[in-house]
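The values are calculated or read from the model by the stated rules, or taken from the named source; none is laboratory data. Note that the structure is predicted; figures quoted are calculated from it, not measured. Backbone-built Cβ (ideal geometry, glycine too); neighbour counts: all protein chains shown. Heavy atoms of the whole protein, side chains included, go into the accessibility calculation; ligands, DNA and RNA do not. Shrake-Rupley method; radii C 1.70, N 1.55, O 1.52, S 1.80 Å.
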Amino acid sequence: MIGDSKLLSAKHPRVGVGVMILNKQGQVLIGRRTSRLAHGHFSYGWCGGHVDFGEDIVEAAKREALEEAGIEVGDLRFLCVNNIVRYDRHYIDIEFVGRIVSGEPRVTQPEEMDAWAWYDLDSVPQPMFEPARLALLAYQSGQLTNFGVPVFRHDLIEDQAE
């Protein structure tokens, strides 16, 4: 039936956000996903989740950090956007980089994450949750998407016009 919300959610991508939180030492905050009900369980990632209807994506990232780790994040910068079909789900995922402005990371949802810890960027635990893996790749390589389309730049258009 067309009006069935389960059918619609199964057939349409959802929008997710994540925030890669770095400390002053350049380490990243990572936790282990433990919920068997969530996709990517027993993989490692950072704060993130669904964007609620009508919600600003930056506010969604901030909300997820507060809900999942009890921290307020700020100075958010766009990192990447990826098209992810994995874990029997389809997401358009938008990732940010930020820092903690208030609070200390703690497990606030023990049914979803079992610990938070700081890791050097070259020694993150495995397996990484796919959105976090792609975001870390973007952070290290500058590749802003995983769908093979060059990023638009005004300076390149002006160069071509001459």
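Summary table
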| read-out | value |
| --- | --- |
| Per residue accessible area in Å² of the chain, where ligands, DNA and RNA are left out and the probe is 1.4 Å | 61 Å² |
| Solvent-accessible area, 1.4 Å probe, carbon plus sulfur percent, for the chain | 54 percent |
| Accessible area (Å², 1.4 Å probe, nearest 10) - PHE152 | 130 Å² |
| Assigned charges on the beta-carbon of Lys, Arg, Asp, Glu; the chain dipole about Cα centre (debye) | 520 debye |
